[in-house]
Amino acid sequence: MKNLKITALLAVLAFSPFYANVFPVSPTVIVKTVKAAITWKSESIDVGNIPLGKPKLIRFEFTNTSSKPIIIENVAPSCGCTTADYTKTPIQPGKKGFVEASYNAASGGAFMKTVNVTTSDSKTPKTLSFKGTVVK
C-alpha cells in the first residue's frame, strides 16, 4: 500500500511540469483593432427646439481616414417624415463628405430619428441620430 502511494505521488510530480505548460494560469487574449475608414464629426445631434411644419436640415459631416476612396452606397431615413441627401461622388482619402437629413415635423413634442448609412468600406450600416422638440 505504501509503494502504491509513493508511485502515485511520483507520477503526479513527474507530470506537473508538463501540465503547467499546457494549461496557462492566466488566459491570453488577443484583440485586433480595426481603424474606422470614416471619422464622423458627430454621430448624434441635438437640434433643440424646432417649429411645427417647418423642415429642419441636419448635417452630419465626416472625413475619409482610409487610404482609398469611399463611396456612400445607401442612406435610409427611419421614417417618411425625413428625407436624406449625401455626397454622391467618391470621397478621396483625407477629404470630407456629408449626409443631410431634412426633418418635417407634423406634430408637437419630443422626437428622435435615425438615418442608416452604408458605404463601400462596410456593408454594416452606420446609424446616425438626431433629436429635439417640436414646438407649436
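So the values come out like this:
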item	result
Flag if SER78 is under 19 Å from the mean Cα position of the chain (by Cα), surrounded by 13 or more Cβ atoms within 10 Å (Cβ to Cβ) and closer than 26 Å to LYS136 by Cα	yes
Extreme residue, nearest to SER66 (Cα to Cα), among residues of region 105-119 that are of a type in the set (S, T, N, Q) and surrounded by 15 or more Cβ atoms within 10 Å (Cβ to Cβ)	THR119
Matching option when the condition is under 17 Å from the mean Cα position of the chain (by Cα) and of a type in the set (D, E, K, R), among LYS126, LYS88	LYS126
Number of the exception - PRO93 against (1) closer than 19 Å to LYS41 by Cα; (2) in contact (Cβ under 8 Å) with a residue 40 or more places away in the chain; (3) assigned to a loop (DSSP other than H, G, I, E, B)	(2)
Residues satisfying the stated conditions in region 57-69, i.e. modelled with pLDDT under 95 and assigned to a strand (DSSP E or B)	none
Test: residue in region 15-36 that is under 30 Å from PHE111 (Cα atoms), modelled with pLDDT of 90 or more, open to solvent by less than 100 Å² (accessible area, probe 1.4 Å) and not acidic (Asp, Glu)	no
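The values are calculated or read from the model by the stated rules, or taken from the named source; none is laboratory data. All values derive from a computational prediction rather than experimental measurement. Cβ atoms come from the backbone with ideal geometry, glycine included; neighbour counts cover every protein chain shown. What goes into the accessible areas is simple: the full protein's heavy atoms, side chains included, and nothing from ligands, DNA or RNA. Shrake-Rupley method; radii C 1.70, N 1.55, O 1.52, S 1.80 Å.
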